[in-house]
Amino acid sequence: MSYTVDPQYKCQIQKPKDFDAFWKGVTDQLTDIPLDPEIYADPLRSSPTVEVFRVFYNSLDSVKISGWYAIPRTRSSAMPGVLLFPGYLSDPPIPKTWAEKGYACLSVAPRGKIGSKQQFDPGYPGLLTHNIVDPNTYTYRGFYVDAWRAVDFLMSRSEIDDNRIGVTGISQGGGLSITTAAMRPEVSVASVGAPYLVGFMDSLLLTDTYPYEEINDYLRLYPERKEQVESTLAYFDGINFADKITCPIMVHLGLQDNVCPPETGFHLFRELKSQQKELFAYDGHGHDANRKEHQKKIEAFFEKYIGSEI
Amino acid sequence: MDRIRQYWDAVTDDLNNCPANPEIELIPLRTTGYATAFGVYITSIGPYRLFGYLSIPKGTGPFPAIYYTATYTSVLDFLPQGTSNFTRSRFVTFSLAGRGQRNADKPYAAMFPGHFTNKISEPYEYVFRSVTADCLRGAQFLLDCPEVSNENTVVVGNDLALIVASLETRIKYLMTAPKLFVDSIQLAGKVIDYAGYPALAELNDYLRMYPDDSDKVAETLSYFDLAYHATNISAKTLILAGSKGSVVDASALFPVQSSLAGASQIFESQDSSYKDGLYCEQWITENLVSPDTDPIVPVHWS
């Protein structure tokens, strides 16, 4: 008998009582850290239709974050902006295809990623479990803020219309899109594919693959730390951010996803507060979540809510 | 002797004159009840110290083995993302970081993009000459492990896996998904998407910026001609092509397949990591274990 996914699956996640206070404490620390955006043209990566820039900005703990910023050469002064977040393993791509469609797009490399690892580099594998017993120093505390601060970078650009900012990504990029849409009200639309960092503890039981297997490895070696791990991860679980999301959002899943179990994606979707939310669950697809075909839907969704200039 | 042969003979000569001097360290964190994990340090040409993750099933070997050659990413997987960890109960697995990748990034830390075109206009300085040597060194290390059944070992990877199979005659099985050296100059002109074909997108940018280098680049890439290397491969081969109409689809790979000396087939991607992955797991199990054995697959594929 083949495996079947229960779309009503409920993760065992609990929201910490001080969840909001925890994150307010974190984001308050940013007030003393100037963004200091830097932007450098990269003629080698630019094309006749798209200008590419290497960019940097400061984030939590004054860690310098890098990214690739691509904008269409034909543009006005009020363009929609898109934040593209990377997967756990992938190197942030140069987002020329978004720029070709008329968006100013920043592809972010949060701390630890290539281009942003001079001050913080817990390694891969290893990033997922770095300081996992302490929410105040866990990797994703800064990693999340790096993504959220990318909104400030876009808003620092005169060519961006602050009222038309979208976020998108697959896997970890999906997880970062969730938390960014939750914590930054400036986000007007979001697309989330095969989200990672959602239903952590359930995922450990629902999969036998990396990267979640990193946590299983950790708990096999340190079983006495399970309660601390669970407590930390509750502050970082996408499901606990879902009720803060009110912008239009689209979620796509693969029912045979062997990396980020679709059960966790279903639970996440139910928790989203947005009135305009759409779910696509693709049978016959794994962690790709039917990315190739679904991309057209994402583009139409973004066009509807934040439009493009070209 | 032809010039391509001379180029790679020089690489293998360099490697033969460079002792691997392996160091093997236990990794308790990745060790399970069914497999023991190790970090492996070996030396390649340069000399350059490399790193790889080795996993050996518990029990009595020798075991069938899977060798994952260096990928075109900054990160080295312990086991490829999405592979059931229980795979390690049946197979020795070995994943290697080529120079420039994490854990093998001192003194050379590759940039992505940037790695593929690093010294691409200088054939003997081109970084992928050395990265290919790294992958060959990894194959030699694995095939010399007493726990490994050489008759049941597959090399899995991109174009580098194919070139390694042409240079190391002990390899009996090859699973390759070429994305780097298939008609690179022509196909690069079609690619702007760094997410799908990062190396070709990088080459496209390079040739636009340095059009005067195109002849030199073509000469360098000629040494990586997959159809040439395929003539030396007797391993049973599965070629993984992109889906129909994609940049490196089956039609782009037919010349490579038709040059292979051994049995081969092309599998065209179904644009589904589930369908593609399941086919690969079945092929590996059928060939390395037996046609009657079920593959070890992730929970959601069962």
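When the test is whether a residue is of a type in the set (A, V, I, L, M) and within 22 Å of the chain's Cα centre (by Cα), B:LEU207 does not pass it.
Among the residues making up the range B:191-211, those that are open to solvent by 10 Å² or more (accessible area, probe 1.4 Å) and modelled with pLDDT of 90 or more are B:TYR197, B:PRO198, B:ASN204, B:TYR206, B:LEU207, B:ARG208, B:MET209, B:TYR210, B:PRO211. Looking for something surrounded by fewer than 19 Cβ atoms within 10 Å (Cβ to Cβ) and within 20 Å of A:ARG184 (Cα to Cα) - is there at least one such residue anywhere in the range A:41-49? No: the range A:41-49 contains no residue that is surrounded by fewer than 19 Cβ atoms within 10 Å (Cβ to Cβ) and within 20 Å of A:ARG184 (Cα to Cα).
The conditions of being touching a helix residue (DSSP H, G or I) at 6+ places or on another chain (Cβ under 9 Å), acidic (Asp, Glu), away from every other protein chain (no Cβ under 14 Å) and open to solvent by less than 30 Å² (accessible area, probe 1.4 Å) are met by A:ASP237.
Evaluated against (1) open to solvent by less than 10 Å² (accessible area, probe 1.4 Å); (2) outside any helix (DSSP H, G or I), A:SER177 falls short on exactly one condition, (2). Those residues that are within 9 Å of another protein chain (Cβ to nearest Cβ) and either among the polar types (S, T, N, Q) or not in a loop (DSSP other than H, G, I, E, B) (or both), I need them from the range A:85-100; list them, please. Hits for the range A:85-100 are A:SER90, A:LYS96, A:THR97, A:GLU100. Of all residues in the range B:245-302, those satisfying the criterion of being over 19 Å from the mean Cα position of the chain (by Cα), farther than 20 Å from B:ASN152 by Cβ and β-branched (Val, Ile, Thr) are B:VAL247, B:VAL299. Of all the numbered requirements in (1) outside any strand (DSSP E or B); (2) without any contact (Cβ under 8 Å) to a residue 40 or more places away in the chain, B:GLU151 misses one, and that requirement is (1). The set of residues from the range B:277-296 being open to solvent by 30 Å² or more (accessible area, probe 1.4 Å) and of a type outside the set (Ser, Thr, Tyr) comprises B:LEU278, B:GLU281, B:GLN282, B:GLU286, B:VAL289, B:PRO291, B:ASP292, B:ASP294, B:PRO295, B:ILE296. Inspect the range A:186-209 for any residue being modelled with pLDDT of 95 or more, in contact with a Gly (Cβ under 7 Å, 6 or more places away or on another chain) and more than 28 Å from A:LEU106 (Cα to Cα) and give the result as yes or no. Yes, because at least one residue in the range A:186-209 is modelled with pLDDT of 95 or more, in contact with a Gly (Cβ under 7 Å, 6 or more places away or on another chain) and more than 28 Å from A:LEU106 (Cα to Cα). All conditions in (1) surrounded by 18 or more Cβ atoms within 10 Å (Cβ to Cβ); (2) in contact with a helix residue (DSSP H, G or I) (Cβ under 8 Å, 6 or more places away or on another chain); (3) within 11 Å of another protein chain (Cβ to nearest Cβ) hold for B:SER264, with the sole exception of (3).
Among the residues of the range B:113-131 satisfying the criterion of being part of a loop (DSSP other than H, G, I, E, B) and aromatic (Phe, Trp, Tyr), which is nearest to B:LEU200 (Cα to Cα)? That would be B:PHE116. Looking across the range B:168-197, the residues that are within 14 Å of chain A (Cβ to nearest Cβ) and of a type in the set (A, V, I, L, M) come down to B:ALA188, B:VAL191, B:ILE192, B:ALA195. Just wondering, is there one or more residues in the range A:15-22 that are over 22 Å from the mean Cα position of the chain (by Cα), under 30 Å from A:LEU233 (Cα atoms) and away from chain B (no Cβ under 14 Å)? The answer is yes; a qualifying residue exists. Among the residues of the range A:208-240, those identified as part of a loop (DSSP other than H, G, I, E, B) and over 21 Å from the mean Cα position of the chain (by Cα) are A:ASP208, A:TYR222. Meeting the requirement of 1 or more residues that are open to solvent by less than 20 Å² (accessible area, probe 1.4 Å) and touching a strand residue (DSSP E or B) at 6+ places or on another chain (Cβ under 7 Å), the strands (runs of 3 or more DSSP E) wholly within the range B:1-91 are B:35-44, B:48-57, B:63-68.
Contact annotation: residue pairs with Cβ atoms under 6 Å, 6 or more positions apart or on different chains, pairing a residue in the range B:1-26 that is closer than 18 Å to B:LEU226 by Cβ with a partner that is open to solvent by less than 30 Å² (accessible area, probe 1.4 Å), are B:ILE4/B:TYR223; B:TYR7/B:TYR223; B:VAL11/B:ALA133. Looking only at the range A:120-132, decide whether some residue is of a type in the set (Asp, Glu), open to solvent by 20 Å² or more (accessible area, probe 1.4 Å) and within 14 Å of another protein chain (Cβ to nearest Cβ). Within the range A:120-132 (the criterion being of a type in the set (Asp, Glu), open to solvent by 20 Å² or more (accessible area, probe 1.4 Å) and within 14 Å of another protein chain (Cβ to nearest Cβ)), the answer is yes, since at least one residue qualifies.
Checked against (1) surrounded by fewer than 24 Cβ atoms within 10 Å (Cβ to Cβ); (2) more than 8 Å from chain B (Cβ to nearest Cβ); (3) assigned to a helix (DSSP H, G or I), A:GLN275 passes all but condition (3). Among the residues of the range A:278-304, the one identified as open to solvent by less than 60 Å² (accessible area, probe 1.4 Å), more than 20 Å from A:GLY81 (Cα to Cα) and charged (D, E, K, R) is A:ASP288. Checked against (1) over 20 Å from A:PRO110 (Cα atoms); (2) surrounded by fewer than 20 Cβ atoms within 10 Å (Cβ to Cβ), A:PRO34 passes all but condition (1).
The values are calculated or read from the model by the stated rules, or taken from the named source; none is laboratory data. Quick caveat, the model's predicted, so the values are computed rather than measured. As a convention, Cβ positions derive from the backbone with ideal geometry for all residues, glycine included, and neighbour counts pool all protein chains shown. Note: areas computed on protein heavy atoms with side chains; ligands, DNA, RNA excluded. Shrake-Rupley method; radii C 1.70, N 1.55, O 1.52, S 1.80 Å.
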